Every structure is written in structure tokens, then in C-alpha cells.
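No lab work stands behind these numbers, since they all come straight from the coordinates. Predicted model only: the values in this text are computed from it and were never measured. Positions of Cβ are generated from backbone atoms using ideal geometry, with glycine treated the same way; all protein chains shown enter the neighbour counts.
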Amino acid sequence: QVQLVESGGGLVQAGGSLRLSCAASISILGINAMGWYRQGPGKQRELVARITSGGSTNYQDSVKGRFTISRDNAKNTVYLQMNSLKPEDTAVYYCNADHYWRNYWGQGTQVTVSS
């Protein structure tokens with residue numbers, strides 16, 4: 001079992017920045033991949049960014065150059081730095097862990113970007 005706890009969401013104006021954190025209950029060194037997903041109003045959940053245990057990353061096209069995913073293995077925490085935020089980034093952001101062929105999810109954190 002992996003518990004994930006997100007933090008860092010909030011309300012920000014367009015062009016602003018936020019950093020989301022996801023703390024895992026186990027060492028993230030043993031987790032195959034961790035990622036951030038989001039679900040906007042009336043939309044399906046979508047992948048935003050993902051980082052593997054080896055440090056490889058991939059991003060949704062709409063956030064490339066604006067968002068950065070990173071990990072702190074000592075703190076068992078994954079971050080999502082979000083810059084140049086746009087109103088269309090408004091969503092509930094969920095942390096995900098891909099661990100031994102199972103997916104684990106956090107409770108989500110709301111990000112609202114005002115225009």
C-alpha cells in the first residue's frame with residue numbers, strides 16, 4: 001500500500017506560480033513512476049507530468065516549458081512547479097504512484113487560476 005498526500009494548491013492569478021507537493025508513505029526509490037494528473041470541470045482526468053524511478057520525465061504538450069516535475073528521494077516527495085499559469089490550468093490535481101502494477105492516488109488538491 002502507498003499513501004499519497006498532496007499539498008500546495010490554491011487560488012492564483014493568471015501568470016502566477018504554484019508548487020504542488022506529494023508526500024509518499026514509502027520510499028519513492030522503489031516506486032516505478034510517479035505523476036501528476038488533473039481533472040477540470042466536466043473533463044476527464046488527464047496526465048500532466050510523470051517521472052520515473054530513473055529520473056526520466058514526460059509532460060502533456062500544453063504544460064511543456066511551464067511546468068516542471070521533480071523528486072526529492074530523501075523526503076519521499078514529488079513536486080510539480082507550475083509557472084505562467086493559465087485559467088485553463090484550473091483543475092483538481094492528483095498525485096499518482098505506479099507501484100508493482102497498481103495505481104495509487106492522493107486525495108487531490110484544487111488549483112484555481114483566475115483571469
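Here are a few things to note about the model shown:
- Efficiency of FRET between GLN13 and LYS75 - r from beta-carbon atoms, R0 25 angstrom, step 0.05: 0.30
- Distance between the 7 Å Cα→Cβ label points at THR112 and VAL5: 2.4 nm.
- With N as its number of residues, the chain has a Cα radius of gyration that, divided by 2.2 N^0.38 Å, comes to 0.99.
- Rounded to the nearest 20 debye, the dipole magnitude of the stretch 10-87 is 120 debye, with +1 charges on Lys and Arg beta carbons, -1 on Asp and Glu beta carbons, and the Cα centre as origin.
- Spatial separation of Cα centroids for the stretch 74-112 and the stretch 22-38, in angstrom: 10
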